[in-house]
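Novice: Okay, here's the structure, questions in a sec.
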Amino acid sequence: MPSHVVNVVVAGLGGQGAIKASDILADVAFRAGLDVKKAEVHGMSQRGGSVTSDVRFGPHVESPMIAPGEADFLVVLAPSEVEVTRPLLKAGGVLIPPDLVDEKALPNRKSLNVALLGALSRHLDLPEALWLEAVKAALPPQLHAVNEKAFQLGRDAAVRTK
């Protein structure tokens, strides 16, 4: 478990599942017994518009907002948002770009958000079982199998790039 506050920004376009991904991440940290704060920053109301969501977790978190240049991890769902959101990442932070996972390998292209969470999970000291519980809790049963596969594809992709 992290002994310090971890800052993660999830970015994408409206309708891609950036908010859902940040909800799942927040749930994983909560299930791990950590203090969690989350904020959707902008763009939620417009389908196709830019969306970012900040998730902060650790032993004690004061604010839900992540200042520019302070994100430990930046998970980006849309290629067009990589350069737009890169300034949020701190020096030495980890970018998890949308092309890390081959969308053609996904059982459902809408599960890219969960696949990229799988990649993120390789970088965080949070049990894999909690990730899978949170994914199942966030989605209807008919989507569990495809999203578990997507999560594993992301975990596998992260291992290949480390």
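The values are calculated or read from the model by the stated rules, or taken from the named source; none is laboratory data. The shown structure was predicted, so the numbers you read here are calculated from the model rather than taken from an experiment. Glycine gets a Cβ as well: all are built from the backbone with ideal geometry, and neighbour counts include every protein chain shown.
Novice: Evaluate the following for Val159: is it surrounded by 12 or more Cβ atoms within 10 Å (Cβ to Cβ) and of a type in the set (A, V, I, L, M)? Full working, then the answer.
Specialist: Numbers: surrounded by 12 or more Cβ atoms within 10 Å (Cβ to Cβ): no; of a type in the set (A, V, I, L, M): yes.
Criteria not met by Val159.
Novice: Give the residue that is farthest from Val76 (Cα to Cα), with candidates limited to residues of the stretch 110-148 that are in a helix (DSSP H, G or I) and among the acidic types (Asp, Glu). Give the steps one after another, and end with the answer.
Specialist: Initially, the stretch 110-148 is screened for residues in a helix (DSSP H, G or I), giving 110-121, 128-138, 141-148.
Now narrow it down to the ones that are among the acidic types (Asp, Glu): 128, 133, 148.
Numbers: Glu128: 21, Glu133: 23, Glu148: 19 Å.
This residue is Glu133.
Novice: I'd like the residue in the stretch 1-38 that is in contact with a helix residue (DSSP H, G or I) (Cβ under 8 Å, 6 or more places away or on another chain) and part of a loop (DSSP other than H, G, I, E, B) and, out of all such residues, is nearest to Arg56 (Cα to Cα).
Specialist: Checked the stretch 1-38; the qualifying residue nearest to Arg56 (Cα to Cα) is Ala32.
Novice: Output the qualifying pairs, or none if there are none: Cβ atoms under 7 angstrom, residues six or more apart or on different chains, first residue in the stretch 55-74 and without any contact (Cβ under 8 Å) to a residue 60 or more places away in the chain and in a loop (DSSP other than H, G, I, E, B), second residue among the acidic types (Asp, Glu) and surrounded by 11 or more Cβ atoms within 10 Å (Cβ to Cβ).
Specialist: Qualifying pairs under 7 Å: Pro59/Asp35; His60/Asp35; Val61/Asp35; Pro64/Asp54; Met65/Asp54; Ile66/Asp54.
Novice: For the stretch 1-24, enumerate the residues that are modelled with pLDDT of 95 or more and among the polar types (S, T, N, Q).
Specialist: Asn7, Ser22
Novice: Same structure, new question: How about the stretch 65-103: which of its residues are farther than 26 Å from Lys149 by Cβ and small (Gly, Ala, Ser)?
Specialist: Within the stretch 65-103, Ala67, Gly69, Ala71, Ser80, Ala91, Gly92, Gly93 qualify.
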